[in-house]
Amino acid sequence: MSGNTDNPRRLVIFGASNIVSDLFDCALANGLVPARVVVHLPESDGPRDIALADRVAALSGLCAPPQIEMLDDFRPLPGELYLLGPTTPTRANLAAEIERRFGLRYHTLIHPTAWVSPLASIGQGVFIGANSVVGPGARLDDHVFVNRGVTIGHDTRIGSFSRLQPGANLGGLSRIGGSVTIAIGATLLERLVVGDRAFIGAGATVTRDVPDDALVLGIPTKFKNLP
């Protein structure tokens, strides 16, 4: 997916979060230039967060720093590629607002070290991070976020706006709903059904189906209802 270095393609990221550096990294690895970050909410200012301005400054010497602008000031420009930045549930609301205002299509951004089977199906706005594997027959619906080192088994379908955190391992022939979170290092056995908005905790091993809105923790897993 590398671009022409004499006229690199420009990537616009909607929404700022702590994951934006991964998007910068993947864009550069694909020959894209991070051109703009369009902010729609106030930044998180927790004691362990890194400010967007600092993340932009880290690009110094690699490319021209992307502009930071507010959503109300954004106007599409010819030749741009678009991607959602946040991985939190607010990204579905952001996508709906962008659709209402601009009707944009989204870029699919895949790190060069990831392996995506040619028999897999990948929707618009999907991000697949470094060293991840997507097996044959898998289907990732729009805006699925796959972090680093994730394995998705054959014929597994993942619904829109779901996010898979580093080191998650999904068996084949499973159905993962929309807006699901599968946290760091979680393992899901094959042939499972995970309901919409479920949250699989870090390191959990899931051996049976998960209902909508459930919180799944531990080894063996225990189920709780999300508020």
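Quick look at the values:
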| item | result |
| --- | --- |
| In the stretch 53-77, the residues that are exposed (fewer than 10 other Cβ atoms within 10 Å of the Cβ) and within 18 Å of PRO8 (Cβ to Cβ) | SER60, GLY61 |
| Residue tally, condition farther than 16 Å from ARG157 by Cβ, within 20 Å of the chain's Cα centre (by Cα), of a type in the set (A, V, I, L, M, F, W, C) and assigned to a loop (DSSP other than H, G, I, E, B), over the stretch 168-211 | 4 |
| Residue match in the stretch 72-84 (condition: under 15 Å from SER17 (Cβ atoms) and more than 18 Å from the chain's Cα centre (by Cα)) | no |
| Selected residue (criterion: surrounded by the fewest Cβ atoms within 10 Å (Cβ to Cβ)) from residues of the stretch 98-119 that are farther than 24 Å from PRO136 by Cβ and among the aliphatic types (A, V, I, L, M) | LEU104 |
| The stretch 209-227: number of residues that are farther than 21 Å from SER160 by Cα and either of a type in the set (Gly, Ala, Ser) or at pLDDT 95 or above (or both) | 1 |
| Of residues in the stretch 98-153 being among the charged types (D, E, K, R) and not in a loop (DSSP other than H, G, I, E, B), the one farthest from GLY171 (Cα to Cα) | ARG101 |
| Flag if ARG36 is of a type in the set (Lys, Arg) and free of Cβ contacts under 8 Å to residues at least 24 places away in the same chain | no |
| VAL20 being modelled with pLDDT under 95 and in contact with a strand residue (DSSP E or B) (Cβ under 9 Å, 6 or more places away or on another chain) | yes |
| Yes/no for PHE127 being within 17 Å of PHE24 (Cβ to Cβ) and under 14 Å from the mean Cα position of the chain (by Cα) | yes |
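The values are calculated or read from the model by the stated rules, or taken from the named source; none is laboratory data. What you see is a predicted model; the values in this text were computed from it and never measured. Glycine also receives a Cβ, built like all others from the backbone with ideal geometry; neighbour counts cover every protein chain displayed.
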